[in-house]
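Below: the structure, in structure tokens.
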Amino acid sequence: MRKKIVAGNWKMNLKFEEALQLAIDLNGWIADNQPEAEVIIAPSSIYLPTLLENVDEQFLKISAQDLSAHEKGAYTGDISAEQLDSIGLDFSLIGHSERRTYQHEDAEVLEQKMKQAFAHQIYPIFCFGENLEQRENNTHFEVVESQLLDVLAKQDKELLNKLILAYEPVWAIGTGKTASPEQAQEMHVYVREVLDKNFGAEIANSTPILYGGSVNAENAENLFSQNDIDGGLVGSASLQLDQFTQIIMAAQ
Ligand code: PEP
């Protein structure tokens with residue numbers, strides 16, 4: 001049985017005191033309610049050390065939203081996997097669609113980012129998904145297959161058991177338009193087939209595949225009850241304690 005995971009991507013939201021308070025409240029709620037799902041939050045990188053100190057990782061895990069494709073050196077503004085590891089961080093999003101779009105991150109960069117994560121014991125939460133045009137042209141399966149293989153096929157196969165995947169159709173992110181549970185399940189099954197064909201049944205069956213794209217307290221249960229949906233990557237609804245905790249409870 002794969003563990004359920006609910007991850008909150010806070011993006012570029014919340015001032016310091018707000019982020020700290022939300023993390024402390026969430027940590028307390030998890031301690032009191034002991035949900036089945038593992039809960040991860042990805043705050044802005046400047047808050048990472050303080051949040052790591054103020055939550056108990058037994059209850060709440062902390063992730064970066066991104067890491068550098070480079071090991072170290074003259075890359076102003078970048079944060080390396082080694083630096084993240086040095087503050088005790090264990091997770092990072094890689095390949096979020098907003099970074100693919102606004103920072104023009106392509107497969108070559110993402111391949112390097114994932115190599116850096118694996119080299120420094122950071123679990124990558126690798127995001128992928130088709131845009132609206134690709135869905136409407138019916139090319140979404142091949143788009144997703146190449147997004148996965150362009151990056152995963154270049155990694156050390158022995159390390160792929162540390163991978164977490166997040167299928168996030170771009171047309172559903174921040175739009176209020178969610179993929180139906182059937183659409184999401186269909187893609188998750190396809191992703192497992194791609195993993196099976198290329199990396200074997202063990203990786204295909206054990207890799208958590210989260211769904212992301214306008215998940216909220218109303219739709220979470222239907223999405224998470226699908227066999228191959230192992231939880232969610234949640235954007236805006238993860239900024240409100242009551243919404244996010246209902247989503248966490250939906251992942252049983
Ligand atoms: C995300 O940023 O990964 C996301 C899924 O956002 P939202 O839930 O707001 O659509």
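The values are calculated or read from the model by the stated rules, or taken from the named source; none is laboratory data. Being a predicted model, the structure only gives us computed values, none of them experimental. Quick reminder, even Gly has a Cβ in these numbers, built from the backbone with ideal geometry, and neighbours come from all protein chains shown. With ligands, DNA and RNA removed, areas are computed over all heavy atoms of the protein, side chains included. Shrake-Rupley method; radii C 1.70, N 1.55, O 1.52, S 1.80 Å.
Computed quantities for the displayed model
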read-out	value
Among residues of the range 100-127, those that are part of a strand (DSSP E or B), surrounded by 23 or more Cβ atoms within 10 Å (Cβ to Cβ) and away from the ligand (no atom under 15 Å from the Cβ), counted	0
Pick from the range 139-166, criterion polar (S, T, N, Q) and not in a helix (DSSP H, G or I), ranking: surrounded by the fewest Cβ atoms within 10 Å (Cβ to Cβ)	Thr139
Any hit, the range 45-52, residues being of a type in the set (Val, Ile, Thr) and assigned to a loop (DSSP other than H, G, I, E, B)	no
Criterion: at pLDDT 95 or above and surrounded by fewer than 17 Cβ atoms within 10 Å (Cβ to Cβ) - qualifying residue of Ser63, Ser97, Ser86	Ser86
Given (1) within 17 Å of the chain's Cα centre (by Cα); (2) within 21 Å of Ala107 (Cα to Cα); (3) away from the ligand (no atom under 12 Å from the Cβ), index of the condition Ala166 fails	(3)
Matching residues in the range 167-184 - criterion: being under 17 Å from Glu145 (Cβ atoms), assigned to a helix (DSSP H, G or I) and not small (Gly, Ala, Ser)	Val170, Gln183
Scan of the range 172-229 for residues that are open to solvent by 20 Å² or more (accessible area, probe 1.4 Å), within 11 Å of the ligand (Cβ to nearest atom) and touching a residue at least 60 places away in the same chain (Cβ under 8 Å), ordered by number	Ile173, Gly174
Top-ranked residue of the range 1-36 - restricted to ones that are away from the ligand (no atom under 16 Å from the Cβ) and assigned to a loop (DSSP other than H, G, I, E, B), ranked as surrounded by the most Cβ atoms within 10 Å (Cβ to Cβ)	Lys4
Selection from the range 230-252 of residues that are open to solvent by 10 Å² or more (accessible area, probe 1.4 Å), more than 12 Å from the ligand (Cβ to nearest atom), at pLDDT 95 or above and not hydrophobic (A, V, I, L, M, F, W, C)	Asp242, Thr245, Gln246
